[in-house]
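**Student:** Could you have a look at this structure, given as structure tokens, before my questions?
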Amino acid sequence: SSRSTSGTLQNHLSWFDDANRHRVKLTSELRYSGSTQDQSSNLLGSFFFNSLEDLEAGLPASYSRTLSARRRSTGQISGSVALGDSWRRTPDLQIQYGVRIDASRFTRTPAYNPAVENAFGRRNDRVPTPISFSPRVGFSWTVGESNEIAAFTGAARRPRAVVRGGIGLFANSSSVGSIGGALDNTGLPSGTQ
């Protein structure tokens, strides 16, 4: 069986200048993701028989049973803050720029195994918790107007084309399930491997 839970809090705050040339936007987000898995099987055991005659006689060929249940529970808390501006340089050119900071932390780490540290010089219970800094800049350029005729007062004519581009540093955030293998495979007697 498996169960996933998640929750997100977001806030967007925008400010427009009097000339409507700048839109400064502050965005913040806090997110929790959790996962619980129960991979237990064969906890009561299984008898195996070579033939129906052995089954009638009650003579099993073998018996197997899983002695420990494999249950895993993980969680991750992530947060981000972004500040950006959309600057309307001219009626046809808009420039967007800003920065975003992301951070995350797992709520559970693998059990410490001193043999791993002795053999490899690294602790197995330390999980990376990166903080990423992402600057970004882009533009939107409107080219000409279409040949259609405005149907009523206040109707706008669509542009013939819009050219968009940008560059930035983007980072993938880890998922709550990415630590699962490390939690199970500590090398300890309580681990799978």
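**Student:** Could you tell me what a quarter of the Cα convex hull surface of the stretch 1-93 works out to, in nm² with one decimal place? Don't skip to the answer; put the middle values down first.
**Tutor:** Values: hull surface 47.2 nm².
If you wrap the Cα atoms of the stretch 1-93 in a convex hull and average its projections, you get 11.8 nm².
**Student:** Name the shape class, rounded, prolate or oblate, that the alpha-carbon gyration tensor gives for the chain, where a ≥ b ≥ c are the square roots of its eigenvalues, rounded holds for a/c under 1.5, and otherwise prolate holds if a/b is larger than b/c and oblate otherwise. Could you put the intermediate results ahead of the total?
**Tutor:** Values: a/c = 4.08, a/b = 2.38, b/c = 1.71.
It is prolate, given that a/c is not under 1.5 and a/b is the larger ratio.
**Student:** Same structure, new question: Modelling each spin label as a point 7 Å along the Cα-to-Cβ direction, I'd like the L169/L52 distance in nm, to one decimal.
**Tutor:** 7.2
**Student:** Say R0 is 25 Å: what FRET efficiency, to the nearest 0.05, do R3 and S68 get from their beta-carbon distance?
**Tutor:** With R0 = 25 Å, the Cβ-Cβ based efficiency is 0.75.
**Student:** Once phi is turned into θ = phi - 60°, what whole-Hz ³J(HN,Hα) does the Karplus curve with 6.51, -1.76 and 1.60 give for every residue of the stretch 67-83, x standing for Gly and Pro?
**Tutor:** With the stated coefficients, the stretch 67-83 comes to 8, 10, 7, 9, 10, 9, 9, 10, x, 8, 10, 10, x, 8, 9, 9, 10 Hz.
**Student:** I want to check the label-to-label distance for S134 and L59. Put each point 7 Å from Cα in the C-beta direction and report it in nm to one decimal.
**Tutor:** Modelled inter-label distance: 6.8 nm.
**Student:** Still on this structure, please answer the following. Can you give me the relative contact order of the chain as a percent, contacts being Cα pairs under 8 Å and 6 or more apart?
**Tutor:** In percent, rounded to a whole number, it is 17.
Readers should treat all values here as calculations from the given coordinates under stated rules, not as data from a laboratory. For clarity, every value in this text was computed on a predicted model and none was experimentally measured. Cβ coordinates were reconstructed from backbone atoms using ideal geometry, including for glycine residues, and neighbour counts include every protein chain displayed.
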